[in-house]
Each structure stands twice: as C-alpha cells, then as structure tokens.
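Working notes, structure below.
The values are calculated or read from the model by the stated rules, or taken from the named source; none is laboratory data. In this text, all values refer to a predicted model and were calculated from it rather than measured experimentally. As a convention, Cβ positions derive from the backbone with ideal geometry for all residues, glycine included, and neighbour counts pool all protein chains shown.
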Amino acid sequence: MYFVTGSLQIRDIIAYQAVHGPLLLTAALPAAVAMYLVILSKMPFGPFSIVEGKELVSGYKTEHYGVWRAGLMVCDGLKTYVLLAAFVTVFIGAVPLVGMLLGMLVLLATLSFVCALSPMLSPFDSVTVQSLSTAAMLGYMMVLWVVA
C-alpha cells in the first residue's frame, strides 16, 4: 500500500482513491489478494482452519458455555465485520453506508463459497499455502522496489 499511495494512514489511502480510483483495480491487487487470504484464514471453518477430530477436546471454547460462549461468538462476529469493513475501506474507498454494507456482503458471500467448496487443510498444508503466498507477496514487493 505504501508503494502505491505513499502512506499507510487510512485517511491518506482514502484521499488517494478519491483522486485515482479504487485500489482494487490498480497495482494494489496483490495486496488485496493477500488481505483476502488473511480474512479467509480468520473464518471459523475455512480452508486454513486446523482439522481436529471430534474426540479431541481442546481450546479456549471448551471451558466456556452459555453467556460466556455467546460473548466469544459475538466477538468473532465483530472481528469478521471489522475485517470486511477494513477491506472495503482500504481497497474500494470511502463509500456510503449502503455501498459499504453491499461490498461487505459480496465479500462475505465469496468467502462463504470458498469455505464451503474447499476442504480444511492439514496443518502442514495450511502452513505451506500461507508460506507460498507470503513468498509471492515478498517477490512482488521486491519487483515494486526495483521498478520504483
């Protein structure tokens, strides 16, 4: 984002988009793909979720039930909302509330389809895919650094 906009502050990114158009369609597309993968990795049953057997009981949700578990689920929903809103704001720009909600809905629908149609990866495969995508992003950053 810094190579394209010259800043990492949200207001500067939005101001850049007001002049040059959405970053989703420009040189920031690999950054959008990377953030999409990050949001995908934060989905509860996405391809990067760790496969666990039903007989295994582990994790912080095991000891929380009732109101406490509902609080955890609300926090997971808020996390997803904030990530979707950040994606729309950073890569599409400042849009009215209806546009923001529509963009978030479309993004959530695509994430849901990816989660529904792809199997959960084993921990080794998940780390491999994330490492390869990180290497691709670093390569892209190096190319931008050399060209700029």
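Structural remarks
- In the set (1) assigned to a helix (DSSP H, G or I); (2) touching a Pro at 6+ places or on another chain (Cβ under 8 Å), the condition left unmet by Ser133 is number (2).
- Scope the range 81-109; condition hydroxyl-bearing (Ser, Thr, Tyr) and touching a residue at least 40 places away in the same chain (Cβ under 8 Å); matching residues: Thr89
- The lone criterion from (1) more than 17 Å from the chain's Cα centre (by Cα); (2) at pLDDT 80 or above; (3) not aromatic (Phe, Trp, Tyr) left unmet by Val106 is number (1).
- Some residue of the range 81-88 being farther than 21 Å from Gln17 by Cα and surrounded by 10 or more Cβ atoms within 10 Å (Cβ to Cβ): yes
- Within the range 9-31, considering residues that are within 20 Å of Val147 (Cβ to Cβ) and outside any helix (DSSP H, G or I), the one nearest to the chain's Cα centre (by Cα): Ala28
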